[in-house]
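Report on the following structure.
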């Protein structure tokens, strides 16, 4: 249907179809969109293009939808090639099979492709090596957020950010400042409004699409120059690759780098992790940050991605329990809500694993706990930062629970009973003083009683506007002195399971030595520790790891300190 401006147009020329499909077969070049309402693009790899015969897809990253595809659910492949949006007609899988651990599926070669290109809103695409940056700034952000410019048009820009930074945009006002910076230091400052977003969870990237607002004539002139130069530079490099030699023409002035000595800025995205497990956990934190952004945008939590990341987190916990528990206190760069969600999820699944609980129930516990507090991101700043709450504010606080339940409505694989017990039970108390329903006594589900204990122990160990973090000693004493609020069976089981000085605790010895607890013995005392010079958040630059005889020489810890916090706002 060709015909209205902006509509997809058919492409049936065999050579052009082959060229477009070859571009889609590059890593990250294709996505799969299920042919049903509410679908989102899913990451796939177009493994093989057999002209006039078939296409072969690697769907290992989206095994959750394999059953629907095998049963005949249609889908489209989507991508971009040569400044065009490309999609296939609706396809169906003819066969699926495993090859060396990869899940592959085949489908007939399409009779045509469909492309969309609007010159009045042409977007010039940049490769990563073109190194154009965008600095995003708004009054609620302490420092500009740096991203890479992915494409540019007269109307807007697509910016690539690290996945874990998306939620910082959700708290921004309706328009923010975008500063485009090119390698020759040409710059342009514009106002933009966030219009769409997407995430690539495999590559840990967040794509933010901005529409420029209130442009003046000079800004439009500069934009047109930038778009034209980007297109020229892209074509120059493409010809060089095609000919197999260095480019003959001079690069665009925009991309002739100028040396400039300058101090490193606070926008650097370089990250050093305290332990290898912390680095692996950070990928889960980035995913959870992305869900935080989705909730702030009024969207539901993606069912497939929640299932996949719950599986990953549970696998990491079961692979190396001690490393995971220590990594929880090393994860310092993410928002408090993300840190809290991961910590509660891991400890809840860990203690539940001692109760001979079925895998699917344990996974549902962990998944529900990961997101149980994300609704607090929707509360007004004044409420989240208040040091005391009046009756109206306390009622307003309750709303965050219902918002998470709404966001989880599409996760049909998640047990409704488990979800209800974890998400709504975290803040209930035995005496009915909790929220949102004020349940008490035997009306509280057993999982709610456990969740309340795990949740409050982690929450009390973190700084809050009205108080500093408590030490684990003080937290245990508080819970034991409040049997009317907390189920004492679970309080005592928690203490026995995680120990008097749990993994991740910061302890002080009689001689003044400070150490992080890496493992505990049967009495819940440190069995292996890592020395540190000062009571600051754990980093990769810490002291020796000691155990057995060397640890015996230190004696027993005389004090357990509150874990220092260096987290970002929620």
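Of the residues making up region 50-108, those that are part of a loop (DSSP other than H, G, I, E, B) and under 30 Å from residue 157 (Cβ atoms) are 82, 83, 88.
Selection over region 124-141 of residues that are out of contact with any helix residue (DSSP H, G or I) (no Cβ under 9 Å at 6 or more places or on another chain) and in contact (Cβ under 8 Å) with a residue 40 or more places away in the chain gives a count of 4. Taking the condition part of a loop (DSSP other than H, G, I, E, B), out of contact with any helix residue (DSSP H, G or I) (no Cβ under 6 Å at 6 or more places or on another chain), more than 24 Å from residue 283 (Cβ to Cβ) and not assigned by TED's automatic domain parsing to the domain that holds residue 61, does residue 215 pass? Here the answer is yes, as residue 215 does meet what is asked. Against the numbered list (1) in contact with a helix residue (DSSP H, G or I) (Cβ under 7 Å, 6 or more places away or on another chain); (2) part of a loop (DSSP other than H, G, I, E, B), residue 172 comes up short only at (1).
Could you tell me whether residue 558 is closer than 24 Å to residue 332 by Cβ and at pLDDT 90 or above? Judged against the criteria, residue 558 is not a match.
Meeting the requirement of 2 or more residues that are in the same structural domain as residue 540 (by TED's automatic domain parsing), no helices (runs of 4 or more DSSP H) wholly within region 317-413 can be named. Only one of these conditions is not met by residue 535: (1) modelled with pLDDT under 95; (2) surrounded by 15 or more Cβ atoms within 10 Å (Cβ to Cβ). Which number is it? Against the list (1) modelled with pLDDT under 95; (2) surrounded by 15 or more Cβ atoms within 10 Å (Cβ to Cβ), residue 535 comes up short only on (2). Would you point out the residue of region 447-469, among those that are at pLDDT below 95 and more than 27 Å from the chain's Cα centre (by Cα), that is farthest from residue 397 (Cα to Cα)? Only one residue tops the list, namely 468.
Within region 388-398, the presence of a residue that is more than 21 Å from residue 464 (Cβ to Cβ) and surrounded by fewer than 17 Cβ atoms within 10 Å (Cβ to Cβ) is excluded.
Against the criterion of being over 17 Å from residue 85 (Cα atoms), in contact with a strand residue (DSSP E or B) (Cβ under 8 Å, 6 or more places away or on another chain), modelled with pLDDT under 85 and not assigned by TED's automatic domain parsing to the domain that holds residue 202, residue 39 qualifies. No other residue among 61, 81, 96, 51 is exposed (fewer than 13 other Cβ atoms within 10 Å of the Cβ) and in contact with a helix residue (DSSP H, G or I) (Cβ under 9 Å, 6 or more places away or on another chain) apart from 51.
Residues are listed down the side, and each one gets a yes or a no for (1) under 20 Å from residue 275 (Cα atoms); (2) crowded, with 20+ Cβ neighbours inside 10 Å; (3) without any contact (Cβ under 8 Å) to a residue 24 or more places away in the chain:
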site	(1), (2), (3)
316	yes, no, no
328	yes, yes, no
332	yes, no, no
342	yes, yes, no
348	no, yes, no
358	no, no, yes
364	no, yes, no
382	no, no, yes
385	no, no, no
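Exactly one residue out of 26, 19 is surrounded by fewer than 16 Cβ atoms within 10 Å (Cβ to Cβ), within 26 Å of residue 202 (Cα to Cα) and under 33 Å from the mean Cα position of the chain (by Cα), and it is 26. Among the residues of region 503-515, none is identified as surrounded by 14 or more Cβ atoms within 10 Å (Cβ to Cβ) and farther than 19 Å from residue 536 by Cβ.
Conditions tested, residue by residue: (1) outside the structural domain of residue 346 (by TED's automatic domain parsing); (2) in a loop (DSSP other than H, G, I, E, B); (3) modelled with pLDDT of 75 or more.
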position: 234; (1), (2), (3): yes, no, yes
position: 245; (1), (2), (3): yes, yes, no
position: 260; (1), (2), (3): yes, yes, no
position: 267; (1), (2), (3): yes, yes, no
position: 281; (1), (2), (3): no, no, yes
position: 284; (1), (2), (3): no, no, yes
position: 288; (1), (2), (3): no, no, yes
position: 295; (1), (2), (3): no, no, yes
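Restricting attention to region 489-519, the residues being modelled with pLDDT of 95 or more and more than 17 Å from residue 563 (Cα to Cα) number 9.
When residue 324 is tested against the conditions (1) buried (at least 22 other Cβ atoms within 10 Å of the Cβ); (2) closer than 27 Å to residue 170 by Cα, the lone failure is (2).
The values are calculated or read from the model by the stated rules, or taken from the named source; none is laboratory data. As the structure is a prediction and not an experimental result, all values here were calculated from the model. Glycine also receives a Cβ, built like all others from the backbone with ideal geometry; neighbour counts cover every protein chain displayed.
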